[in-house]
Amino acid sequence: MYRVAITGIGIISCLGNTIEDVAKALYKGKSGIEIDPKRIELGFKSPLTGIIKNFDPQKYLSKKQRKTMPLFAIQAYAAVEQALKQAKLDFKSIQNEKTGLIFGSDSTCAAAVQQVDLLRKFKETKMIGSGLVFQSMNSTITMNLNTILKTKGASWTISSACSSGAHAIGQAFNLIALGQQERVICGGAQEIAWEAVCSFDALGAFSTKINNPQGASRPFDANRDGLVPSGGAAALILEQYDLAKQRGAKILGEILSYSFSSDGNHLTIPQAEGLKRTMESCLKQANITPKDVNYICAHATSTQAGDAVEAQAIKQVFENYSPYVSSTKSMTGHELWMSGASQIVYSTIMANYEFIAPNINFQTPDKYSQELNIAKETIETKPNFVLCNAAGFGGTNASILLRYF
């Protein structure tokens with residue numbers, strides 16, 4: 001088995017479009033959540049959303065390249081570009097069969113709606129054009145990025161609801177650890193579009209604290225009333241550790257293990273037992289004990305059921321040990337398919353800037369979260385062993401254990 005290093009990260013999110021800006025936002029506990037007027041106009045129960053500002057697609061790709069890419073795929077490219085630059089890798093060095101490309105994403109709604117609207121308006125399919133067929137496929141990110149970057153190894157998209165990004169990184173880790181790839185460009189992306197989340201709104205899944213947008217997402221707090229949708233793109237460069245050292249790359253961190261499970265129970269109601277098994281397996285694979293972990297980047301999305309289940313699972317695994325716990329979704333909202341990947345990027349930022357980001361808006365614990373060591377404020381310490389959790393509809397779970405030096 002080969003060791004797996006993180007040599008580059010990239011992020012486009014409601015906290016910023018550069019590593020430096022996102023680091024500042026995480027450190028200060030700054031929220032990126034606002035009200036979308038369009039959602040009010042359309043009759044959403046909750047118009048709250050993460051908002052990405054000052055992102056210009058034309059800065060990154062040509063008009064021809066953008067034709068087949070929805071906005072979130074362009075954001076994925078921008079995040080990959082950042083990560084490659086940090087890893088000091090040019091395009092030529094990744095255009096080989098030992099470099100793979102795996103992203104997590106589970107829908108592309110705006111493009112699908114657009115092509116149907118065009119057909120209904122003009123009553124002939126030729127008016128749809130040739131770009132939307134590629135924009136509306138779940139594999140649109142890896143399909144487009146593979147042709148732009150010209151990698152020749154693994155190239156596919158993983159769809160597993162809100163754990164998609166974590167499973168993509170986990171699979172990339174496995175491919176490298178087993179020697180099937182030497183390097184994998186991986187991550188997750190999520191469109192910020194009303195078309196993508198209107199059905200979630202219909203379920204009553206979103207927070208309605210519209211009088212206080214930045215206080216609406218409150219993971220683990222007793223007064224949480226639902227998640228806030230968000231999105232963007234997160235990317236990582238993973239490499240065989242020894243090869244990365246040989247070429248003089250800066251090692252940002254190391255992935256020690258990846259584990260997964262499923263609840264086998266309910267479509268939308270998670271079970272503590274499934275996530276508990278995932279965390280335990282992740283620690284066992286890496287030969288790490290609960291007392292070694294000093295930070296848990298929680299999945300917690302600000303829903304009553306989900307946060308309670310994760311808090312129970314964490315307590316059951318860590319028992320008398322009290323690692324810091326926080327959810328970056330308190331600042332970003334729930335980045336859905338992207339979130340499992342963005343948590344690893346955010347954790348890597350924290351480690352390299354030597355702090356633990358706060359779980360903002362945590363004011364009143366419930367009977368489960370009171371058992372955890374929630375980081376209410378920014379913690380001025382570098383996390384060395386970090387456990388990231390992700391979970392999704394259908395009871396799919398993932399945990400990834402990271403080490404920082």
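Scanning the range 322-337 for residues that are in contact with an Asp or Glu (Cβ under 7 Å, 6 or more places away or on another chain) and buried (at least 24 other Cβ atoms within 10 Å of the Cβ) turns up at least one hit. Annotation note: Cβ proximity below 8 Å between a residue of the range 337-348 that is not assigned by TED's automatic domain parsing to the domain that holds residue 236 and a residue that is charged (D, E, K, R) and surrounded by fewer than 24 Cβ atoms within 10 Å (Cβ to Cβ) (sequence gap 6+ or interchain) occurs for 337/106.
Considering only the range 5-29, how many residues are at positive phi and more than 15 Å from the chain's Cα centre (by Cα)?
Qualifying residue count, the range 5-29: 1.
In the set (1) closer than 27 Å to residue 351 by Cβ; (2) out of contact with any helix residue (DSSP H, G or I) (no Cβ under 7 Å at 6 or more places or on another chain); (3) surrounded by fewer than 19 Cβ atoms within 10 Å (Cβ to Cβ); (4) not acidic (Asp, Glu), the condition left unmet by residue 83 is number (3).
Which members of the range 108-135 meet the condition of being hydroxyl-bearing (Ser, Thr, Tyr) and surrounded by 20 or more Cβ atoms within 10 Å (Cβ to Cβ)?
Of everything in the range 108-135, just one residue is hydroxyl-bearing (Ser, Thr, Tyr) and surrounded by 20 or more Cβ atoms within 10 Å (Cβ to Cβ), namely 108.
Please pick out the residue among 36, 21, 106, 56 that is out of contact with any Lys or Arg (no Cβ under 8 Å at 6 or more places or on another chain), among the charged types (D, E, K, R) and under 25 Å from residue 172 (Cα atoms). Just a single option satisfies the conditions, and that option is 106.
The set of residues in the range 251-291 that are touching a residue at least 60 places away in the same chain (Cβ under 8 Å) and among the small types (Gly, Ala, Ser) comprises 253, 257, 259, 261, 262, 264, 274, 281, 286. Does the range 211-233 contain at least one residue that is part of a strand (DSSP E or B), closer than 16 Å to residue 45 by Cβ and not assigned by TED's automatic domain parsing to the domain that holds residue 288? Yes - at least one qualifying residue is present in the range 211-233. Against the definition (under 30 Å from residue 112 (Cβ atoms), under 19 Å from the mean Cα position of the chain (by Cα) and of a type in the set (Val, Ile, Thr)), how does residue 52 come out, yes or no? Spelling it out, residue 52 is indeed under 30 Å from residue 112 (Cβ atoms), under 19 Å from the mean Cα position of the chain (by Cα) and of a type in the set (Val, Ile, Thr). Out of curiosity, is residue 114 assigned by TED's automatic domain parsing to the domain that holds residue 195, over 20 Å from the mean Cα position of the chain (by Cα) and assigned to a helix (DSSP H, G or I)? So residue 114 passes the test. With a requirement of 1 or more residues that are touching a Cys at 6+ places or on another chain (Cβ under 9 Å) and of a type outside the set (Gly, Ala, Ser), the strands (runs of 3 or more DSSP E) lying completely within the range 1-67 that satisfy it span 33-35, 48-50.
When restricted to residues that are out of contact with any Leu (no Cβ under 9 Å at 6 or more places or on another chain) and surrounded by fewer than 19 Cβ atoms within 10 Å (Cβ to Cβ), the range 338-378 contains 10. The residue of the range 241-281 that is farthest from the chain's Cα centre (by Cα), among those that are surrounded by fewer than 20 Cβ atoms within 10 Å (Cβ to Cβ) and of a type in the set (S, T, N, Q), is 246. Residues in the range 302-321 that are acidic (Asp, Glu) and crowded, with 24+ Cβ neighbours inside 10 Å: 307, 310.
Tell me which residues, restricted to the range 201-249, are in contact with a helix residue (DSSP H, G or I) (Cβ under 6 Å, 6 or more places away or on another chain) and of a type in the set (Phe, Trp, Tyr). Matches in the range 201-249: 220 only. Please list, ordered by first then second residue, the pairs with beta carbon atoms under 8 Å, 6 or more apart or interchain, first in the range 72-99 and within 30 Å of residue 193 (Cβ to Cβ), second assigned to a loop (DSSP other than H, G, I, E, B) and among the aromatic types (Phe, Trp, Tyr). Going by the 8 Å Cβ cut-off, the qualifying pairs are 74/60; 75/55; 77/60; 78/55; 78/60; 81/60.
Residues are listed down the side, and each one gets a yes or a no for (1) over 10 Å from the mean Cα position of the chain (by Cα); (2) over 15 Å from residue 237 (Cβ atoms); (3) free of Cβ contacts under 8 Å to residues at least 60 places away in the same chain:
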| residue | (1), (2), (3) |
| --- | --- |
| 153 | yes, no, yes |
| 156 | yes, yes, yes |
| 164 | no, yes, no |
| 181 | yes, no, no |
| 184 | yes, no, no |
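The values are calculated or read from the model by the stated rules, or taken from the named source; none is laboratory data. Because the structure is a prediction, the values reported are computed rather than measured. With ideal geometry, Cβ positions are generated from the backbone for all residues, glycine too; neighbour counts draw on all protein chains shown.
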